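Remarks on the structure that follows.
The values are calculated or read from the model by the stated rules, or taken from the named source; none is laboratory data. Note that the coordinates shown come from a computational prediction; the quantities given were computed from them, not determined experimentally. Virtual Cβ from ideal backbone geometry, glycine too; neighbours counted across all protein chains shown. Side chains included, ligands, DNA and RNA excluded: accessible areas come from the protein's heavy atoms. Shrake-Rupley method; radii C 1.70, N 1.55, O 1.52, S 1.80 Å.
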2 protein chains.
Amino acid sequence: MYHLTNNDTICAISTPPGLGAISVIRLSGPAAISTCKKIFLPREKELDLEQVASHTIHFGTIGDPDGILDEVLLSVFRAPHSYTGEDVIEISCHGSPYIQQKLIGLLLEHGLRLANPGEFTLRAFLNKKFDLSQAEAVADLIASHSKSSHDLALSQMRGGFSKKIKSLREKLVDFTSLIELELDFSEENVEFASRPELVKLLVELEDEIDLLIKSFTIGNVIKNGIPVTIIGKPNVGKSTLLNTILNEEKAIVSEIPGTTRDAIEDTIGIGEYRFRFIDTAGLRSSDEPIEMMGIERTWEKIHEASIILYVFDATEDSYSDVMQAVSEFKELAEDKTKKLILIGNKTDKLDKLPSGFRDFVEVETIFASAKRKENIHLIADSLVASVKAENLSGSPIVSNIRHLQALQNALATLKRVHNGLDSNLSPELLTSDLRNALHHLGEITGDITSEEILGNIFGRFCIGK
Amino acid sequence: MYHLTNNDTICAISTPPGLGAISVIRLSGPAAISTCKKIFLPREKELDLEQVASHTIHFGTIGDPDGILDEVLLSVFRAPHSYTGEDVIEISCHGSPYIQQKLIGLLLEHGLRLANPGEFTLRAFLNKKFDLSQAEAVADLIASHSKSSHDLALSQMRGGFSKKIKSLREKLVDFTSLIELELDFSEENVEFASRPELVKLLVELEDEIDLLIKSFTIGNVIKNGIPVTIIGKPNVGKSTLLNTILNEEKAIVSEIPGTTRDAIEDTIGIGEYRFRFIDTAGLRSSDEPIEMMGIERTWEKIHEASIILYVFDATEDSYSDVMQAVSEFKELAEDKTKKLILIGNKTDKLDKLPSGFRDFVEVETIFASAKRKENIHLIADSLVASVKAENLSGSPIVSNIRHLQALQNALATLKRVHNGLDSNLSPELLTSDLRNALHHLGEITGDITSEEILGNIFGRFCIGK
């Protein structure tokens with residue numbers, strides 16, 4: 001159930017749960033100020049909370065006739081100059097779970113309602129403080145754990161991405177209005193919308209949406225970690241390499257502690273990116289059903305990957321062995337969204353590089369020793385460089401699957417319009433497709449919404465935001 | 001190492017660690033405002049942070065030339081009208097650990113120092129915003145998890161307790177000055193301080209300090225949980241009763257989740273108090289060395305307890321059995337700080353109460369079934385009533401062992417002065433003892449401090465407070 005009305009007043013603990021120096025309880029709605037007036041005793045006795053200016057802070061005690069609960073600071077934001085667009089009060093109290101709970105209890109006793117997850121941001125959206133894609137970025141911003149995912153979410157929250165969509169949609173609205181106008185004058189058979197101009201506009205729209213759709217690959221990997229699949233024959237040291245990279249990480253960057261470690265899949269931050277490593281079973285031809293299944297899964301992981309690390313044993317595998325293996329990845333090499341890096345492992349057992357590799361330039365090759373942790377930094381540098389090369393600098397990036405789907409739907413509908421124009425489709429059918437395209441683009445910015453969509457989006461927020 | 005100077009500017013994350021809707025970074029010191037001016041871009045372009053009024057909030061972006069880190073609210077508090085008495089800025093940012101870390105990093109790059117635990121409160125103390133006992137209460141307030149411990153800490157933080165000490169100390173200062181004046185005129189053998197008046201004042205002081213010392217028992221149990229020892233012969237159902245009480249608690253009060261459970265010792269909140277239950281081995285006469293050790297430990301636990309629950313088997317133990325057991329606790333019954341409650345367990349196996357108990361009034365007796373959870377609420381009510389009866393309503397309560405020791409030292413020295421007066425001690429020796437008493441009282445309020453004392457006190461705070 002989602003509350004789409006905002007005539008009641010909500011409250012929630014907005015700071016992380018637990019014990020700390022201070023904790024913030026946030027109130028939003030028409031009764032925020034009058035409720036605080038009943039339970040807050042300002043140090044300046046003559047102060048009237050209903051009269052104070054917006055964006056001011058007031059010291060005093062909070063409690064009920066039974067006693068004082070805490071000494072607090074009250075920050076007052078008056079509608080519409082607040083996060084939600086409503087009257088907002090933030091109570092900064094001592095960070096004791098006991099006080100937080102009691103204070104929430106006191107507010108509920110005074111008729112406030114506990115906010116649903118994301119409900120403050122939902123109200124901000126309903127009061128047009130944000131469009132929907134900006135509101136969604138707030139949750140991404142809070143959850144982001146690398147520079148790249150943080151920058152992506154922040155740019156979306158600040159409207160970079162939805163400005164693009166809005167301008168696309170406005171062009172389409174103008175276009176559609178003209179066609180619809182033709183419907184009113186259908187008996188006169190006039191064309192208000194110049195068909196060549198329209199085709200030009202459609203091409204432009206399709207190109208821009210196509211670019212946004214393509215940006216999803218990078219946007220998604222930035223948000224969820226860039227998938228790196230480690231493959232190779234059995235016993236070439238794939239798992240050792242994975243462990244070494246994961247441990248090496250601590251030396252390279254130790255910003256975000258507490259990453260959950262998993263034997264098969266694990267994410268680490270290197271530089272400003274987050275990589276998701278996928279270890280696989282060894283690749284070899286086999287007729288054994290179980291082993292074949294393992295190999296099939298490995299191929300699935302290869303298709304998921306943005307970067308493939310092919311590990312070989314530098315003490316055993318010759319230049320031609322590796323070349324043959326690489327040829328199996330031809331199709332991958334042709335897929336521009338994937339990058340292949342060869343890792344010649346076990347250099348600790350070598351005096352010099354195996355012959356043939358010295359001038360090998362077709363595929364980037366790094367010789368390393370996972371065991372002795374030699375040249376692992378070269379692999380890390382290469383991973384970061386691979387992403388940087390791919391990054392669409394400056395352009396808006398789509399990272400949300402809901403947006404991707406809306407963009408794909410919009411593109412498909414625009415293509416139908418385009419084909420319709422080519423085959424002289426009637427304005428009635430054209431406008432129907434155009435309306436559909438407008439609808440899909442509107443879903444991104446929230447110009448078109450349903451309670452279900454809003455429930456899905458804001459339900460993933462944390463309480464108090 | 002403790003920093004007792006405040007000419008540098010400190011910063012810390014003041015909200016609990018982890019992910020949440022918002023997070024607050026606090027800055028205090030002379031460079032707080034000028035530093036924020038360098039990294040904060042207000043939405044109102046013409047705004048000058050150095051010029052804004054105290055207790056105002058400003059929206060904008062924070063970051064460095066490399067890019068925006070977040071959209072934030074800046075709360076400005078100008079010295080001396082802040083928590084620390086210095087210029088303070090609180091930055092309210094999105095509650096992402098990534099942003100919190102980066103923002104702290106940015107502040108450090110601009111020459112700020114990470115605050116030590118409790119350093120904001122230390123500065124408040126050094127700038128005379130608080131006396132020492134008030135500052136200590138801030139940490140207790142944050143850690144308190146029951147109404148009683150919360151109220152105790154809040155009252156101490158608001159100065160109730162230290163006002164009492166201060167007024168005692170002032171009386172003593174006047175007294176001492178007069179005696180010291182006599183030293184200047186020692187050749188004339190005058191008495192500026194009337195000895196009978198002084199004796200009267202000493203008696204008053206001793207009585208008041210004695211009362212504060214006695215309040216420590218209740219103060220300490222309120223803070224750490226009221227110790228309840230469960231004793232009785234083997235197999236009367238002591239452990240079942242303990243488990244039932246601990247589970248029943250969830251129904252009685254479920255405010256504070258996550259209490260660590262321990263088989264032998266466990267604390268729960270009932271009503272506004274926190275009780276610390278201590279299960280013991282069965283009490284019975286024995287010559288076995290190991291069993292004797294167990295019984296000896298049980299007696300230790302009995303001495304620790306504020307409340308003793310003596311459990312007997314209502315289906316087996318007769319009135320005279322119980323009477324005999326109670327007689328063993330005569331010495332305890334005489335100790336007014338301990339309360340004995342008899343629990344006749346296993347009533348589920350009884351049709352009616354055993355004869356003899358019906359009109360039994362010497363010791364409070366509750367018949368219950370731990371197994372069927374019958375009458376457990378009567379035990380809970382009785383526990384709460386026991387504490388309430390003991391509570392020194394209205395009087396200041398000492399809960400800090402450091403204060404207790406200072407009060408005990410002050411009392412001992414005052415008694416020496418008292419004896420000295422009775423035996424006509426010279427003013428020189430009298431003033432020496434008086435100075436000692438002043439010193440001990442001053443240790444509580446912080447009129448007398450050492451770096452070591454401050455380090456001990458503030459080192460126990462959380463970061464950011």
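What is the helix-to-structure angle for A:319-328, meaning the angle in degrees between its Cα long axis and the longest Cα principal axis of chain A, kept from 0 to 90 and rounded to the nearest 10?
With rounding to tens, the tilt is 50 degrees.
Note down the relative contact order for chain A as a percent, whole number, built from C-alpha pairs under 8 angstrom at least six residues apart.
Relative contact order comes out at 18 percent.
Which far-off residues, 5 or more places away or on another chain, put their amide H under 5 Å from the one on B:ILE278, with H placed in the peptide plane?
When sequence neighbours closer than 5 places are left aside, the close amide H contacts are B:VAL228, B:THR229, B:ILE230.
Distances from A:GLU170 to the same position in the other copies: list them in nm, one decimal, shortest first, using label points 7 Å from Cα along Cα→Cβ.
6.9
Rounded to the nearest 100 Å², what is the buried accessible area between A and B, both sides summed, probe 1.4 Å?
Using a 1.4 Å probe, the pair buries roughly 4100 Å².
Quick check on chain B: what does the Kirkwood estimate of hydrodynamic radius come out to from the alpha carbon pairs, in Å?
With all distinct Cα pairs of chain B included, I get 26.6 Å.
Mind computing the radius of gyration and Dmax over the alpha-carbon atoms of segment B:1-145? Å is fine for both.
That works out to 15.1, 46 Å for Rg and Dmax.
Which value, in debye to the nearest 20, gives the size of the charge dipole of the protein assembly as shown about its Cα centre, when Lys and Arg are +1 and Asp and Glu are -1 at the Cβ?
220 debye
Multiply the residue gap between A:ASP8 and A:ILE401 by 0.36 nm, knock off their C-alpha separation, and tell me the result in nm, one decimal place.
Once the chain is fully extended between A:ASP8 and A:ILE401, it gains 138.2 nm.
Between the label point of A:ASP381 and that of the same position in each other copy, find the distances and list them shortest first in nm, with every label point placed 7 Å from Cα along the Cα-to-C-beta direction.
Its label point is 7.8 nm from the equivalent points in the other copies.
Quick one: accessible surface of A:GLU197, probe radius 1.4 Å, all protein chains present, in square angstrom to the nearest 10.
Using a 1.4 Å probe on the heavy atoms, I get roughly 120 Å².
Where does each of B:LYS352, A:LYS238 land when they are ordered by accessible area, with a 1.4 Å probe and the largest first?
Descending accessible area places them as B:LYS352, A:LYS238.
Placing the label point 7 Å from Cα along the Cα-to-Cβ direction, what are the distances from A:SER239 to the equivalent spots in the other copies, shortest first, in nm to one decimal?
Taking the point 7 Å beyond Cα along Cα→Cβ, the inter-copy spacings are 4.2 nm.
Rounded to whole Å and sorted largest first, what semi-axes of the equivalent ellipsoid does the C-alpha gyration tensor of segment B:1-74 yield via the square root of 5 times each eigenvalue?
Taking √(5λ) for each Cα gyration eigenvalue gives 22, 18, 12 Å.
Kindly flag which residue pairs out of B:LYS233/B:LYS338; A:LYS301/A:LYS373; A:LYS339/A:LYS388; A:LYS45/A:LYS102 have an alpha-carbon separation exceeding 18 Å in this structure.
Distance filter (> 18 Å) returns B:LYS233/B:LYS338; A:LYS301/A:LYS373; A:LYS45/A:LYS102.
Net charge near B:ARG158: determine it from the other residues with C-beta under 14 Å of the C-beta of B:ARG158, scoring Lys and Arg +1 and Asp and Glu -1.
Overall, the nearby charge balance is -1.
How tilted is helix A:160-184 with respect to the longest principal axis of chain A? Cα atoms for both, answer in degrees (0 to 90, nearest 10).
80 degrees
Quick one: work out the % antiparallel among DSSP beta bridges in chain A, nearest 5.
Here the antiparallel bridges make up roughly 60 percent for chain A.
Between the helical axis of B:147-157 and the dominant principal axis of chain B, each derived from Cα atoms, what acute angle in degrees is found, rounded to the nearest 10?
The angle comes out near 40 degrees.
For the protein assembly as shown, which whole percent of the accessible surface, found with a 1.4 angstrom probe, sits on carbon and sulfur atoms?
On the protein assembly as shown, the fraction of accessible area on carbon and sulfur atoms equals 51 percent.
Once you put a point 7 Å from the Cα of A:LEU183 and another 7 Å from the Cα of A:GLU428, both along the Cβ direction, what distance in nm separates them?
Result for the modelled spin labels: 1.0 nm.
Output needed for the protein assembly as shown: three equivalent-ellipsoid semi-axes, defined as square roots of 5 times the C-alpha gyration tensor eigenvalues, in descending order, whole Å.
Working through the eigenvalues yields semi-axes of 66, 38, 33 Å.
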